[in-house]
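Heads up, the thing below is written out as structure tokens.
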Amino acid sequence: MANFFEFMLGLLKEPAIMVGLIAFIGLVAQKSDISTILKGTIKTVMGFLILGFGAGALVGALNNFSAVFTEAFGVSGVIPNNEAIVALAQEAFGYEMALIMFFAFIVNILLARFTPLKYIFLTGHHTMFMSMLVAVILSTADITGTTLVALGSVIVGSLMVIMPAIAQKYTEKVMGTDQLAMGHFSTLSYVISGYIGSKFGDTSKSTEDINVPKSLMFLRDTPVAVATTMLLFFLLASVFAGGEFVESVSGGQNWVVFTFMQSLTFAGGVYIVLQGVKMLIAEIVPAFKGISDTLVPGAKPALDCPMVFPVAPNAVLIGFLSSFTAGLVAMGIQGAFGWTIIVAGVVPHFFVGGAAGVYGNATGGLRGAVLGAFTQGLCISFLPMLLLPVLGGLGLEATTFADFDFGVVGLVLGWIVS
């Protein structure tokens, strides 16, 4: 039994395998032939891995940009980063986190089976992040052992169906189908962006309809537009940081060459992510029909935020820039009032801000993308600041949870257990 439990935990720690297993179960449930089962399962795993490769390239380039940007403008403070805060908490709460993650997935399946919330949350790393957040906050109220795991599993498992349901009205508008859901714990960012777009936007002018002069037609090619924009940002930060510092980050590579290559690496990462998402969705949706028809009738897969990127690539870039600008504005406000400064993390502003731009564009066109992403950018800049005291000893570290839902869940749960 112990070996089986370790095996299941091992599966949960490998999101690509877990998603592939879901596709495998769905195809078997449909009584597909062996060829179709193998093809669907392998391509699902490959799509997820390709997405991960692209995300890895993106994060690497963004981390280098963040280091140069921080040096260039003399910014210091708390940097929101989910991976970093989980790594810090791993030693103290790793066991509890793993147990909560495992049982939360079971709670998710049960709730999807027996309630109207028919969502299966497939973003494994965000399940891990939320499990850690819940474990840390419950422990601050001296809740430990079986009680902590049981309570944490119910909380996280419930969030895995509640959050996709909250965003589904807007997700359906973005994706053009009700068969996909958002499985990313920055759900409230997308809801707020969609709402702002619907109230203050203008659907007559989409981000994808932007008229580009003939001399700038190359910018209509998404990878080229992303590379050009990132190059301008990176060059500006590099000039202010100084070539000597940039070369210390690059390991001795010429700072101009390094800046150019990192910008292209970033754009290449975006392109890879888009291709991975297309492959993943093309395989997981048909496979999920088997689960819908047998195990969890009517179930919808809740996928990571890059699933919306191919819908409106221009909106992704506009959302990122708008969200990042909001992060810079928030830093100015925090510094002026003597509050803890939350450094504008490029990674959350790109992924969450980009997806928020797509939601804002779907409900309010170009104006909706700008205003929606900017508004949520302010939210993910101030919520981490408010969350710091709730994290107990971890709140003393120079990092915290980055996304909207972590801030809201952490503050509400912290208030309840206090």
Residue among 157, 74, 124 that alone is closer than 30 Å to residue 236 by Cβ and among the small types (Gly, Ala, Ser): 74
Number of positions in the range 25-63 that are of a type outside the set (Val, Ile, Thr), more than 22 Å from residue 275 (Cβ to Cβ) and open to solvent by 40 Å² or more (accessible area, probe 1.4 Å): 5
Which listed residue is in contact (Cβ under 8 Å) with a residue 24 or more places away in the chain, among the aliphatic types (A, V, I, L, M) and assigned to a helix (DSSP H, G or I), from 100, 79: 100
The range 110-164, residues that are of a type in the set (Gly, Ala, Ser) and touching a strand residue (DSSP E or B) at 6+ places or on another chain (Cβ under 7 Å): 112
Residue in the range 102-112 that is within 30 Å of residue 23 (Cβ to Cβ), more than 20 Å from the chain's Cα centre (by Cα) and surrounded by 23 or more Cβ atoms within 10 Å (Cβ to Cβ) present: yes
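Tell me which residues, restricted to the range 313-343, are among the polar types (S, T, N, Q) and surrounded by fewer than 22 Cβ atoms within 10 Å (Cβ to Cβ).
The answer is 325, 334, 340.
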Lone unmet requirement of (1) buried (at least 24 other Cβ atoms within 10 Å of the Cβ); (2) part of a helix (DSSP H, G or I) for residue 302: (2)
Qualifying positions in the range 338-354 - part of a helix (DSSP H, G or I) and of a type outside the set (Phe, Trp, Tyr): 346, 347, 348, 349, 352, 353, 354
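Counting only residues that are open to solvent by less than 50 Å² (accessible area, probe 1.4 Å) and modelled with pLDDT of 65 or more, which one in the range 12-24 is nearest to residue 296 (Cα to Cα)?
Out of the qualifying residues, it is 22.
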Of all residues in the range 170-205 being more than 20 Å from the chain's Cα centre (by Cα) and charged (D, E, K, R), the one that is surrounded by the most Cβ atoms within 10 Å (Cβ to Cβ): 205
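The values are calculated or read from the model by the stated rules, or taken from the named source; none is laboratory data. Please read these numbers as outputs of a predicted model, since none were measured by experiment. Every residue, glycine among them, receives a Cβ derived from its backbone with ideal geometry; neighbour counts consider all protein chains shown. Areas reflect the complete protein model, heavy atoms only, side chains present, ligands, DNA and RNA absent. Shrake-Rupley method; radii C 1.70, N 1.55, O 1.52, S 1.80 Å.
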